[in-house]
1. Quick one: is GLU69 touching a Phe, Trp or Tyr at 6+ places or on another chain (Cβ under 8 Å), under 22 Å from VAL98 (Cβ atoms), in a helix (DSSP H, G or I) and open to solvent by 30 Å² or more (accessible area, probe 1.4 Å)?
2. If GLY85 meets every condition in (1) open to solvent by 40 Å² or more (accessible area, probe 1.4 Å); (2) of a type in the set (Gly, Ala, Ser); (3) modelled with pLDDT under 85 apart from one, which number is that one?
3. With the structure loaded, tell me whether LEU97 is at pLDDT 85 or above and open to solvent by less than 30 Å² (accessible area, probe 1.4 Å) or whether it fails that test.
4. Between a first residue in segment 30-49 that is touching a residue at least 24 places away in the same chain (Cβ under 8 Å) and a second residue that is of a type in the set (S, T, N, Q) and assigned to a helix (DSSP H, G or I), which pairs have beta carbons less than 7 Å apart while being 6 or more apart in sequence or on different chains?
5. Between residues in segment 62-82 that are closer than 23 Å to ASP43 by Cβ and residues that are not in a helix (DSSP H, G or I), which pairs lie under 8 Å by C-beta distance while being six or more apart or on different chains?
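The values are calculated or read from the model by the stated rules, or taken from the named source; none is laboratory data. These numbers were taken from a predicted model, which means no experiment stands behind them. Positions of Cβ are generated from backbone atoms using ideal geometry, with glycine treated the same way; all protein chains shown enter the neighbour counts. We work out accessible area using only protein heavy atoms, side chains counted, and drop any ligands, DNA or RNA first. Shrake-Rupley method; radii C 1.70, N 1.55, O 1.52, S 1.80 Å.
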Amino acid sequence: PYLTNQDGYFVLDLFSREITFTERAKLLNNLGIRLSETSRCEDALAAVQEAVNLRQELARKKPNAFLPEFARSLGVMGSIYRDLGNSAQALAFMRGLVSGAIETAQSGNAELSETTLRARQLLDDLQE
């Protein structure tokens, strides 16, 4: 189920069927990534912010299951803010990502190793 928006882009109709919060967050996060790749950073921020909100709620309820996805969405937000030239916001989101990755690693979930390395590199870049 796709719709065409005012710019002629095909977009997924997220309301055409019932989807879980997990699916919705994943779709919104991926949409944000694609929008940022096409320099539509403001639209990307809106999509990823909603994904962050959903994933934060999921991570509160089941940290071992959802903290990695929450941290990834924070990383995407940080990358978009960096692309917009807002280093302070990017740094805040990258710090959140690293904190989430450390918390995940301490809980025995090593799924975030690559994401953590990327976040640390982005943090180093932003702090220079």
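1. When the stated conditions are applied, GLU69 does not pass them.
2. Failed condition: (3).
3. So LEU97 fails the test.
4. Taking only residues 6 or more apart or on different chains, the pairs are ALA44/SER36; VAL48/ASN29; VAL48/SER73.
5. Taking only residues 6 or more apart or on different chains, the pairs are ALA71/LEU112; ARG72/LEU112.
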